[in-house]
Every structure is written in C-alpha cells, then in structure tokens.
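K.L.:
Just passing along the structure, written as structure tokens.
The values are calculated or read from the model by the stated rules, or taken from the named source; none is laboratory data. All figures in this text were calculated on a predicted structure; none of them were measured in a lab. Glycine also receives a Cβ, built like all others from the backbone with ideal geometry; neighbour counts cover every protein chain displayed.
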C-alpha cells in the first residue's frame, strides 16, 4: 500500500517536471509578430445566426462578414456598398457593390447576395436583425452590382441600424440552409470579411482567425488573430501571454501604471438608472421624482460605486458621450439635499413623528422597496442618499433573471436597472414608450403624449439637422419629467501591448446599431 | 455428506438473497432516476426569468436599440418550443431522452451531448486525478497521524491540514498561479493545452496537457486532502481502540503490520464511501479551479447555463451528474455486499 502510494505520487510529479522540462519554451515563443492574442469569453460560433446575442459575439462575427456601410472614427463610411444614394423622399436607398469584394471561397459578392440576405432574414427571423427590417418594402438587385432598397416610409436609422448592421450572406451557401439557428457547418463562416475562421473550440472559448489575403478593403495587418480565455487576463497580459484584453476600471488603473502597456478608454453606452412605477403614488408626481434627483449625488455615486469608471447620468437620458445627439440645454439636478427637502415639504411629505422618515398626508411612510440585481455598491449608496432627505429604501437584491422578470411584469416600486442599447442612432429614445408592435412593454409606463408624438416623428426625419431639433426636444421633456433617473454611463477600457497593433480606438457611438467596442475591423487593416 | 449439502444450500441461499437485494436496489435506483428526471425538468423552470430574453436580447436588460416585433417573437418562441405548456415540453424532453438525445442548447446553439462531451473529459481528468491524489495522500497522512497520535508529528500534520482547509480554494489557486507561474514561469498561466501544440504528436500533446494540469490538480488536491486526512485519522483512531488491535499488540505483532493489515482495512470503509460519493460529483466540475486557471470544464458550463437560463443544458448536465453519483453509489453498494462481511443481506 505504502509502496503503491509512493509510486503514484512520485510518478505524477515526475511527469509534471518532465513535461515542464520538455516544454518550457513552447508558451513564450508562440507569440510571433504575426500573431495577436486577445482575452475573451465564448460568444458562440461566429456565423450570422449562431453568435450569442451579445455585442462581443456580433463583433467576432463581423470579422468574417461585412455590411453595406461601416463606421470609422468620424462616422459612417462606404463598405461593401462602395457608394450609396438616397432619394429625395428618403424611401429609396441605392448601393453600388464594390467590384473587388469576394467571398472567402473566391466567388464575387453581388447585388443578388444582398437581396437574398434580406429576403432570407425575413423568412427566417433572427433575434437581432429582424427588429427594424419591417420598414423595408422590398430589396431589388439591379444587375450584378447595384441594389436598391424600397422603404415603406422614410426611416432615419436605416443607414446605421440596417445597412450598417446586417451582415451580407452568400446566397450560394445559405439558400440551401433550412434551419439557420442550427447551422454550424464550416461553410457557415464563409464571408467576405478580413478574416477567416480556422478554429473554434467552444469549451476553451478559443477562436483562431486567419487573415484573408485577398480582402477587398486592403491588406490585413494581423496574420493570425486569436481569442482565448485565460482565468487571470491581468496576469496574462503583464506576462506577455496575451497581447490585449478589456479590463475593468480597477484593472485599468493598475495597467495604466505599467509603462510597457497602453490603455484606451471609451464609452460603454451602458446605462444604470432608476425606474419608477409611474402609476403609483408618489412616483406619479413629477415634483417627487425631481426631489429624488436633487437628493442623489451622482459624481459621488460614480466615485464610490464605479471608482470613477463611469460618466454621471444626464437627466435627458442620452449620454454626453453620444456627442452629436446629446443636448446639454436641459433641466439639471445638481446635488442639493435642501432643495429636495423643500420640494418634499411642499408636497406635504413631512417627518411628523421625527423618526427620520417622512410621511404622506395619509400617514403612510415614504418607505419603498427597491429591486436591484447583485452588482456593486450602487443600491447602498442610493439608499443612503435618499435616507438623508427622509425617504426610506429597502433593498431587495435579486439574481438578474428574477430582477428582469419583475421589471417585465412591472412588479416593483423602484428598480435599479442596467442595460446597453443607448449608443448609435437615437432611435433608442423610443424604447421608453410602448411599442404597439412588441409584446414586451418593460418600459411602457411613460405615456407623455408630446414625447410619444416626437418619438414617432424622429424616425421619419432624414435631415440630420431637423432631426436633431426633435431629439433635443425629447431630451428636454425627459429631463423635465424624469420618468427614469439615469445614474451613470459605464466606461470601457482596452489594454494592449504596443508595437503590434497600435491604432485601437472606441468607435464613436459604437459600431453597427451602437455596439460599444474596441474591436472595429478597421484596426486590423492597413489603411 | 449432509453437512456438505447444507453448506452448499446455505451458500446458494446467500447468493440468491444477494441477487434479490441487488435487484431491489436496482429498482430503487430506477425510481430515483425518475424523480431526478422530473426535478431536472422542473427546477430550471421554477426559477424566475425568461430564457427567451437571453436568447434574443429582449426585455429590460436588452442591449439593442429597437424592440422585437410580436410576429418574429412568436415564430422564435415556437421554434425553441418555449410556447408549449410545461407538460408538453416534459413529454418532448422524455421522448428525446428515450432516443438518447439530450436536446439542443437554446443559447449555446449546439447539441447538449456535444457540449457535455467537449467538457466532461477535462472535468473528469481534473477532478478524478485530484481526488485520487488527495485520497492517497490524505489516507497515508491520516494513518501516519493516527500512528503517531499525540506526538509533535501528529500535531504538526493536524495543524498543516487544518490550515490548508481554512484557505479558500480560489485564494489557494491564485497564490499557486502567482508564485509557480507568474513569477517563476514553472507552469502555464491558463488553459488545458497550448495552442502552439495543436498540431504536434500525441506524446507532445500529452506532456503539454499534463503540464497544464499540474497547477489545477495541485490546487484541487490541496483543497480536498484535509477531509480525507481527518476522516482517515478519526477512523483509524477509533479502530486502534478495538480489542482485536490490543490483542494483536499483545501477540507481539509489529506496529506496521497492525496498522496496514488490521486497522487500515476496517478504517477505510467510511473513507472509501466519501471518496466514491465525491467522485460521483466529478461530472459537476470544479467551478473555482476552472475559473482561476481558465480550464475548460462542466462547472463553468453549468454556471453559464444557469445565468442565461438554458434549460436544455441545465437538464443535461444535472442528469449526467446525477447518473454518475447514482452509478458510483450502486458500485459502492456492490462493493459493500461482496467485500464487507459485516454487511448482512436480509
């Protein structure tokens, strides 16, 4: 028994040492100049129907596929559509397909592929791509290289949210695919993009992309782009085993001190905000919501809960990072507890029994339950700030699924909620009102008729200057009414080893329909 | 002559009774599996949260600027079978199972069996080797401690193993990673294999896999060893108090012989039970170790599936884990019946 035990233990350690002696260099010599490694999780097979419905999943898929237009540091640029025109009435969009564009299997990208893509998506609903395609009446290929979109009505976000978001798929492959949500064949990753997929291991979150040598938009700088999942990316980057990763704010602060690394910062277009049950007293009173806004010290909240890794919320909902659409001329609520107390007093909410919590005229305490999902210190900070003006908050921390379920069913008094989808085109402002075509009305309690009217108007105005006026007005109304109080907009960071790929940037407004990312395919192209 | 006949009959009676005992246990296991199937189906569905919201990015946490239209939503819900009543979904699940199909993962977009097959070998490699190593070392040290009871050796072992137990696994793993990988380059920082070795010969890959396995196995071994040590030490101390041990000592047997031939076999039974049950849970993976070392495994799959409410994956992974626990339990029953004369079958 003793001998057996000894043999097993010694064998294991000997094998480990042998393995170490034989392979110590294999890790360090692998990172040649033509290899770039980024840490990340598994986001699904990078094909149009099988990536996980998350921003990073879309970004990886878009390394293989292309859209008609794309975004650079300045805004929208022609892509597969080498040029485009819109008719006077804003209902016809015509694109010329780049004659150099080819699929990875050598066939040319044609107007017919574009027509096919949109017809295929309408036949096979896609969790993401179908959302705004209802506005398209038909898509028509005119010859091999021209395609025209006919819209039912002018649609302002067409270029960003449809032409700049939906990947064009090759007809010769997809026309035979009956069940795209289960299509994970190697042909499912034949695109026209700068990279081809050579390996995907779901269990290890490993993606190996190889440069497309005949990419129509120029030479690809990185020969092999690898995504992999180290348990400790911070250590892996410092040790040089990966070239880049997206750290959180605290990790970014550590990495910024390292002279051998660079960190870039951008907006995450992710909002953390307070939601109210607007049909319940006192949340149905604008003045009460304004008092709450005055009671909240947002810069302090950002400092304490996010370690300054966020931008304080704007009462107009639109993030200041969304530069051209942000309206600074709106009602503001700088931290002013005395003003909050004055408003509450004027509403008749006074602390008559001196227990620190105000009461309504009917004697009911200003004491509410606030649902929050298990994330950070925000709920505690908000609770303490409101307590200082006499509003009691009882926090109910839930797991994300339970939390979202309560919000969807409107079973809350106050909710702390965080989500993305506030970048790109300001069509996201329409999410705050009910969408008659949707089954899900999670935020449908805001019913200001003026706002609803402007929301319907803004998507039809194709002139940016005119549209800006309407979007500005919507922010004015939101800031005045405060149906929701934005607490902060989260920032994103990206840390990398300089010397390989150095042009990292966060696309203003996010790529496609507003996905915040550093992973813009332009970074990998010689331009 | 009649004595021989009686003896044979007695043996036959015992064999039959053991067989019927095992048949009875088999039926119990079948019943348990049926209950598990029901629970596996029900539990994920009883959790609040709509799996469709994760599949499509709708609802209050949507990261998209536009909502999904009701028609597309209806088509997609029907596609995933989420529009069906639970009973219908349950029958569908059972009929798939009968055909050996664990279902198709909604969120992960792959057959559940494939998702499990990609991860289970890594989990088994990690957990089984750690538990076996921890058991061997723990038992050896437990016996040693009991042997040296009351000496500085015993106290020293006790203190070391209790201290080990007090260190959280994730902290222990991070320390090992920091000192044996990050600072000293002795072992790799993450993963189960090097990408650079993907095209190499099987021998090189095997070495590479072992090299990657060392730190995760060491962490898990250190995390598991104390339980085995304490259990063995306690059982050994109890056994050493028995009369037959005193008698053996009185007969002048060597201490080593008493330990390994007389005390250990009896003391090992509860330890073996604990090891077998722990091995049964190997299919559930080891989430902390997987996370720290970026090691593929079932733990992370289950955690991710829970977060996105992928019912199919939850059902499949729970089922595999349950079946493994039951299988090992059954094996243990078999071993007890045939190996431990004290287990009487009535």
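K.L.:
Is it the case that the stretch B:105-119 has a residue that's within 30 Å of the chain's Cα centre (by Cα), buried (at least 21 other Cβ atoms within 10 Å of the Cβ), more than 9 Å from every other protein chain (Cβ to nearest Cβ) and not in a loop (DSSP other than H, G, I, E, B)?
P.N.:
yes
K.L.:
Might you let me know whether the stretch B:83-93 holds any residue that is within 13 Å of chain A (Cβ to nearest Cβ), within 30 Å of residue A:134 (Cβ to Cβ) and either assigned to a helix (DSSP H, G or I) or free of Cβ contacts under 8 Å to residues at least 60 places away in the same chain (or both)?
P.N.:
Yes, the stretch B:83-93 contains at least one residue that is within 13 Å of chain A (Cβ to nearest Cβ), within 30 Å of residue A:134 (Cβ to Cβ) and either assigned to a helix (DSSP H, G or I) or free of Cβ contacts under 8 Å to residues at least 60 places away in the same chain (or both).
K.L.:
What's the number of the condition residue B:149 fails, among (1) more than 8 Å from chain A (Cβ to nearest Cβ); (2) at pLDDT below 90; (3) in a helix (DSSP H, G or I)?
P.N.:
Only one criterion in (1) more than 8 Å from chain A (Cβ to nearest Cβ); (2) at pLDDT below 90; (3) in a helix (DSSP H, G or I) is unmet by residue B:149, namely (3).
K.L.:
Now for a different question. Any idea which of B:247, B:182, B:171, B:187 is over 23 Å from residue B:132 (Cα atoms) and modelled with pLDDT of 90 or more?
P.N.:
Result: B:182 is the single residue among B:247, B:182, B:171, B:187 that is over 23 Å from residue B:132 (Cα atoms) and modelled with pLDDT of 90 or more.
K.L.:
What's the number of the condition residue A:280 fails, among (1) more than 27 Å from the chain's Cα centre (by Cα); (2) at pLDDT 90 or above?
P.N.:
Every condition holds for residue A:280 apart from (2).
K.L.:
Among the candidates A:184, A:165, which residue alone is within 14 Å of another protein chain (Cβ to nearest Cβ), under 22 Å from residue A:71 (Cα atoms) and not in a helix (DSSP H, G or I)?
P.N.:
So the residue among A:184, A:165 that is within 14 Å of another protein chain (Cβ to nearest Cβ), under 22 Å from residue A:71 (Cα atoms) and not in a helix (DSSP H, G or I) is A:165.
K.L.:
Which count do you get for residues in the stretch B:39-59 that are touching a residue at least 40 places away in the same chain (Cβ under 8 Å) and not in a helix (DSSP H, G or I)?
P.N.:
Summing the residues that are touching a residue at least 40 places away in the same chain (Cβ under 8 Å) and not in a helix (DSSP H, G or I) in the stretch B:39-59 gives 3.
K.L.:
Let me ask you something else. Step by step: first the residues of the stretch A:418-439, then only those that are at the interface with another protein chain (Cβ under 7 Å from one of its Cβ atoms) and within 17 Å of residue A:486 (Cα to Cα), then the one that is modelled with the lowest pLDDT. Which residue is that?
P.N.:
A:431
K.L.:
Give the residue that is nearest to residue A:469 (Cα to Cα), with candidates limited to residues of the stretch A:343-364 that are outside any loop (DSSP other than H, G, I, E, B) and over 39 Å from the mean Cα position of the chain (by Cα).
P.N.:
So, considering only residues that are outside any loop (DSSP other than H, G, I, E, B) and over 39 Å from the mean Cα position of the chain (by Cα), the one nearest to residue A:469 (Cα to Cα) is A:346.
K.L.:
Also: Could you pull out every one of the helices (runs of 4 or more DSSP H) wholly within the stretch B:186-305 that has 1 or more residues that are closer than 30 Å to residue A:35 by Cβ and within 14 Å of chain A (Cβ to nearest Cβ)?
P.N.:
Here the list reads B:202-240, B:287-293.
K.L.:
Could you pull out the residue among B:125, B:180 that is more than 12 Å from chain A (Cβ to nearest Cβ) and closer than 27 Å to residue A:37 by Cβ?
P.N.:
B:125
K.L.:
Please pick out the residue among A:118, A:95 that is away from chain B (no Cβ under 12 Å) and not in a helix (DSSP H, G or I).
P.N.:
From the options A:118, A:95, the qualifying one is A:95.
K.L.:
Report, by residue number, each residue of the stretch A:283-311 that is under 24 Å from the mean Cα position of the chain (by Cα) and surrounded by 19 or more Cβ atoms within 10 Å (Cβ to Cβ).
P.N.:
A:298, A:301, A:302, A:305, A:306, A:309, A:310, A:311
K.L.:
Another question, if that's okay. Can you find a residue that is within 28 Å of residue A:503 (Cα to Cα) and part of a loop (DSSP other than H, G, I, E, B) anywhere in the stretch A:199-212?
P.N.:
The answer is yes, given that some residue of the stretch A:199-212 is within 28 Å of residue A:503 (Cα to Cα) and part of a loop (DSSP other than H, G, I, E, B).
K.L.:
Looking at (1) without any contact (Cβ under 8 Å) to a residue 24 or more places away in the chain; (2) crowded, with 16+ Cβ neighbours inside 10 Å, which one does residue B:135 not meet, given that it meets all the others?
P.N.:
Condition not satisfied by residue B:135: (1).
K.L.:
For the stretch A:207-225, how many residues are surrounded by fewer than 21 Cβ atoms within 10 Å (Cβ to Cβ) and either touching a helix residue (DSSP H, G or I) at 6+ places or on another chain (Cβ under 6 Å) or at the interface with chain B (Cβ under 9 Å from one of its Cβ atoms) (or both)?
P.N.:
Of the residues in that region, 2 qualify.
K.L.:
Of the conditions (1) more than 26 Å from the chain's Cα centre (by Cα); (2) surrounded by fewer than 21 Cβ atoms within 10 Å (Cβ to Cβ), residue A:273 clears all except one; give me its number.
P.N.:
(1)
K.L.:
Also: Can you confirm whether residue B:164 is under 30 Å from residue B:322 (Cα atoms), surrounded by fewer than 22 Cβ atoms within 10 Å (Cβ to Cβ) and within 10 Å of chain A (Cβ to nearest Cβ)?
P.N.:
no
K.L.:
Sticking with this structure for a sec: Sort through A:415, A:397, A:372, A:402 and tell me the only one that's within 11 Å of chain B (Cβ to nearest Cβ), touching a helix residue (DSSP H, G or I) at 6+ places or on another chain (Cβ under 8 Å) and either surrounded by fewer than 19 Cβ atoms within 10 Å (Cβ to Cβ) or in a strand (DSSP E or B) (or both).
P.N.:
A:415
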